[in-house]
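The values are calculated or read from the model by the stated rules, or taken from the named source; none is laboratory data. Because the structure is predicted, anything quoted here is derived from the model rather than measured. Note that we place each Cβ from the backbone using ideal geometry, even for glycine, and neighbour counts take in every protein chain shown.
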Amino acid sequence: MLRYFTSGESHGEALVAFLSGLPAGLAVDQAFVDRELWRRQQGYGRGGRMKIETDQAHILSGVHHGKTIGSPIAVMLANRDWQNWKDSLPVEAGDPEKHKRVASPRPGHADLAGALKYDFTEARYVLERASARESAARVAIGALAKLFLRELGIEVLSHVIAVGPVSVGEREIAWEEIEKVSRKEEVLLSCADPEIEQRMKAEVDNVLRTGDSLGGVFEVVAHKVPPGLGSYAQWDERLDALLAAAVMSLQAVKAVEIGSGIHAAYSAGSAVHDEIGYQKQAGFAGFTRTRNNAGGLEGGVSNGQEIRVRGYLKPISTLRRPLQSVDFATREPVKAAYERSDVCVVPAAGVAAEAMVALTLARCALEKFGGDSMRETKRNFQGYLEQLRTY
């Protein structure tokens with residue numbers, strides 16, 4: 001069982017991620033892990049925090065001489081901004097006068113719900129953990145999951161479908177185009193269509209001028225996933241449910257779609273379901289599809305096509321032109337608190353979603369093919385591929 005969790009706060013000393021269950025013998029490419037962290041920090045509309053942080057993964061355990069050793073992996077990401085906050089958020093009691101209160105909750109953020117839940121008199125501690133800064137830790141261990149999946153020939157990438165009202169529409173973006181987006185060294189909005197990307201940029205510029213924020217839609221694509229991951233046998237073993245939960249767990253994601261799920265709900269079955277064919281040399285076991293409206297999943301099981309998962313991201317809750325709120329102490333009407341924030345994070349959210357999809361697929365792959373070493377796992381995987389070839 002692949003298990004993972006994170007700890008740390010937005011302005012704390014560090015983020016720490018823990019990952020247990022990777023087989024021994026997996027080569028760990030530090031440069032790849034750090035580039036994934038770099039990708040998460042990119043995108044037009046990011047805030048001042050990205051000018052402070054340069055995320056690099058410091059692996060504390062579970063990897064030696066460049067390979068996993070089968071024991072739990074701990075990864076630390078230092079927060080450089082901690083130097084500006086160590087007097088305000090000390091571990092010890094510290095000076096209460098230096099504490100930076102979040103005096104009025106922001107609509108759309110976890111501030112009020114979290115303060116009520118944990119009986120806080122204001123929202124500083126809620127903000128610190130609920131912040132999307134936490135997703136950097138997930139990207140670090142998600143990169144390790146990606147390295148594992150690569151050993152099985154599986155790749156996971158994302159691209160941006162929409163920013164605010166500007167969208168590429170319903171057309172399916174080919175894997176090759178998504179690869180090109182991921183390789184860019186200058187990231188704008190991670191859209192495969194350059195003309196539409198410029199229109200997205202103009203939309204971000206518009207909300208920058210008005211003090212507002214923008215949401216959007218990203219799509220994560222898992223390439224060359226074999227049929228048979230997940231199960232229809234129990235509700236909590238369905239791969240579509242696991243992926244939906246994983247992507248929905250990301251900050252600001254309010255809806256998840258697999259394949260053409262939303263459009264399909266308004267369509268006739270004959271226009272939705274992917275007809276099946278057969279060509280001896282094609283795909284896994286030779287079965288083919290005329291299209292991929294199912295998004296690579298049927299009955300909670302991967303079917304051999306690309307897995308396509310879309311996340312719908314609400315606009316950032318912190319606005320430079322704040323919405324109406326209430327003061328925690330006086331209960332009087334005030335404007336919501338404001339702290340340095342992004343305006344648009346759709347490309348970054350896509351990278352974080354890649355990590356969650358990769359971790360989910362790695363977990364399911366290990367449940368099906370897993371061994372204590374990469375040699376054993378790959379032997380099991382090759383045996384399954386041979387079973388498919390001779391089906």
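Things worth noting here:
- Inter-residue pairs, beta-carbon under 9 Å, first farther than 23 Å from ALA255 by Cα and in region 353-367, second assigned to a helix (DSSP H, G or I) and of a type in the set (Asp, Glu), 6+ apart: GLU367/GLU237
- Condition broken by ILE178, with the remaining ones in (1) closer than 30 Å to GLY25 by Cβ; (2) in contact with a helix residue (DSSP H, G or I) (Cβ under 9 Å, 6 or more places away or on another chain); (3) not in a loop (DSSP other than H, G, I, E, B) satisfied: (2)
- Selection count, region 181-203, where residues are of a type in the set (Val, Ile, Thr) and not in a loop (DSSP other than H, G, I, E, B): 2
- One residue from LEU2, LEU26, LEU37, LEU22 being under 16 Å from the mean Cα position of the chain (by Cα), of a type outside the set (Ser, Thr, Tyr) and either surrounded by fewer than 21 Cβ atoms within 10 Å (Cβ to Cβ) or modelled with pLDDT of 95 or more (or both): LEU37
- Residue within region 203-225 that is β-branched (Val, Ile, Thr), touching a His at 6+ places or on another chain (Cβ under 8 Å), surrounded by 21 or more Cβ atoms within 10 Å (Cβ to Cβ) and closer than 23 Å to ASN293 by Cβ present: yes
- Residue that is surrounded by the most Cβ atoms within 10 Å (Cβ to Cβ) [pool: residues in region 262-285 that are touching a helix residue (DSSP H, G or I) at 6+ places or on another chain (Cβ under 9 Å) and not in a loop (DSSP other than H, G, I, E, B)]: ALA264
- Residue within region 85-107 that is polar (S, T, N, Q) and either surrounded by 14 or more Cβ atoms within 10 Å (Cβ to Cβ) or under 30 Å from ALA24 (Cα atoms) (or both) present: yes
- Among the residues of region 204-234, those identified as over 23 Å from the mean Cα position of the chain (by Cα) and not in a loop (DSSP other than H, G, I, E, B) are ASP205, ASN206, VAL207, LEU208, ARG209, THR210.
- Filtering SER71, SER61 for residues that are more than 30 Å from VAL334 (Cβ to Cβ), exposed (fewer than 15 other Cβ atoms within 10 Å of the Cβ), among the small types (Gly, Ala, Ser) and in contact with a Gly (Cβ under 6 Å, 6 or more places away or on another chain) leaves a single hit, SER71.
- MET50 vs. criteria part of a helix (DSSP H, G or I) and modelled with pLDDT under 95: yes
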